[in-house]
Amino acid sequence: MSPVKGSRRAKQVGIVGAAVGVVAAGLATAFAVERALVRRSVNAPGDPYVDEPFGDQPFDHEQTVTAADGTELHVEIIEPAVPSGKPTIVFVHGFALDMGTFYFQRKLLAEQGEHRLVFYDQPGHGRSSRLRSGDYDIAALGKSLAAVLDATVPDGHIILVGHSMGGMTIMAFAEQHPEWFGERVTGVVLMSTSAGLIDKTKLGIPTLVARASAPFFPLWGKAAHLGGGTIDRARVASSDLAWLLTRRYGFGEPKPSPTLVTFVESMNSKTSVETLTKYLRTLYTHNRFPALSALRGVPVLVIVGTKDYLTPVTHSEEILKHLPEAELVKVDNSGHVVMLEKSAEVDAALLPFLEKIS
């Protein structure tokens, strides 16, 4: 790159970084009045989860699995109370979250003690390491899942459970290893996910902003690389704003549990801006409808909240067009984190499905 072009590129990055800062400051000011409401609502009387120990998630042992791209993946495993011969259930979480996404399902299934349970943090999330260079890619996430399966479930049947980007990861794995489905993988659960309509929802970003921003995804990645720490510090300073946005885009009920919102926002806040921007392009261009063919003949359960703004019901219905034998469960008044917001309804659909295919 010539010095002139390099200088121009650096200036563009600086402008974008400054713009992001100005927009963030403006939004923070706009929501200033609501900050007092946030503080009053957290730990409010009547919150059913105020005493829930979300940070305390049991496991029998943990290990580190190295993915094909060198990312070190943190894995936690729960063994069944007694050998049951039932499939191992592997959980794959979504964008900007971590394995805590499946808190309630983990708690319930661990108490039942019938299945072996495997949880891992996706690259750049939770306790897994970040990608050293380049952008993240859904195809690479499929390979990461393959590495986890090879290391933790070398034999026996498997049920894959994926939420949001975790569902996309399962589709990428199916695209790469269709021979696993029906042989090793004998059931799939897809929660709040999409096979390729992300560009039509823009991940909840207003249409005009998303259309204008798409060409700048690579630039955002560079800006985050140069100034991600600064943006991260600004995000911490605007934590109330982040909390409000999590409540708006993650939940369907008008007044969800403040403790639950805080739990989800805590997972969001632990994911660096650099990691988030490195995922934007792969999420925006994700298209794996052909990969769904590998799932035909395998029992599939699709779950979505009726008020999911990020991967709306239409995304799940589109999956059903390619997998007409799949079961679709729509959970009323739930947003994107359906398995947390409406855990009882999700469990009521999940448990019979697991029993049927185990």
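The values are calculated or read from the model by the stated rules, or taken from the named source; none is laboratory data. Everything quoted here is computed from the prediction, not taken from an experiment. Using ideal geometry, Cβ is built from the backbone for each residue, glycine included, and neighbour counts are taken over all protein chains shown.
Residues checked against (1) assigned to a strand (DSSP E or B); (2) without any contact (Cβ under 8 Å) to a residue 60 or more places away in the chain; (3) surrounded by fewer than 18 Cβ atoms within 10 Å (Cβ to Cβ):
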{"position": "L149", "(1), (2), (3)": "no, yes, no"}
{"position": "P154", "(1), (2), (3)": "no, yes, yes"}
{"position": "I159", "(1), (2), (3)": "yes, no, no"}
{"position": "G167", "(1), (2), (3)": "no, no, no"}
{"position": "A172", "(1), (2), (3)": "no, no, no"}
{"position": "E179", "(1), (2), (3)": "no, yes, yes"}
{"position": "E183", "(1), (2), (3)": "no, yes, yes"}
{"position": "G187", "(1), (2), (3)": "yes, no, no"}
{"position": "S194", "(1), (2), (3)": "no, no, no"}
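Could you say whether any residue in the stretch 126-135 is touching a residue at least 40 places away in the same chain (Cβ under 8 Å), within 26 Å of S266 (Cβ to Cβ) and outside any loop (DSSP other than H, G, I, E, B)? No, every residue in the stretch 126-135 fails to be touching a residue at least 40 places away in the same chain (Cβ under 8 Å), within 26 Å of S266 (Cβ to Cβ) and outside any loop (DSSP other than H, G, I, E, B).
With the requirement that a residue be farther than 13 Å from T152 by Cβ and charged (D, E, K, R), what does the stretch 56-70 give you? Within the stretch 56-70, D56, D69 qualify.
Only helices (runs of 4 or more DSSP H) whose full extent lies in the stretch 230-334 are considered here, and the ones with at least 1 residues that are within 21 Å of Y103 (Cβ to Cβ) and without any contact (Cβ under 8 Å) to a residue 24 or more places away in the chain are 239-250, 258-269. Filter the stretch 329-341 down to the residues that are farther than 12 Å from V189 by Cβ and surrounded by fewer than 23 Cβ atoms within 10 Å (Cβ to Cβ) and list them by number. Result: K330, D332, N333. Based on what the data block shows, is L295 closer than 25 Å to L328 by Cα and either surrounded by 21 or more Cβ atoms within 10 Å (Cβ to Cβ) or assigned by TED's automatic domain parsing to the domain that holds D98 (or both)? In short, yes.
Listed here are the residues, each with its yes/no results for (1) assigned by TED's automatic domain parsing to the domain that holds A294; (2) of a type in the set (A, V, I, L, M, F, W, C); (3) on the phi > 0 side of the Ramachandran plot.
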{"position": "G85", "(1), (2), (3)": "yes, no, yes"}
{"position": "G113", "(1), (2), (3)": "yes, no, yes"}
{"position": "P154", "(1), (2), (3)": "yes, no, no"}
{"position": "I158", "(1), (2), (3)": "yes, yes, no"}
{"position": "G167", "(1), (2), (3)": "yes, no, no"}
{"position": "E179", "(1), (2), (3)": "yes, no, no"}
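Taking the residues in the stretch 97-122 that are under 15 Å from the mean Cα position of the chain (by Cα) and in a strand (DSSP E or B) as candidates, determine which candidate is surrounded by the most Cβ atoms within 10 Å (Cβ to Cβ). Result: Y120. Residue count for the stretch 269-293, restricted to those that are within 15 Å of the chain's Cα centre (by Cα) and of a type in the set (S, T, N, Q): 6. Applying the selection to the stretch 57-82, what residues are farther than 16 Å from L117 by Cα and of a type in the set (D, E, K, R)? Within the stretch 57-82, D69, E72 qualify.
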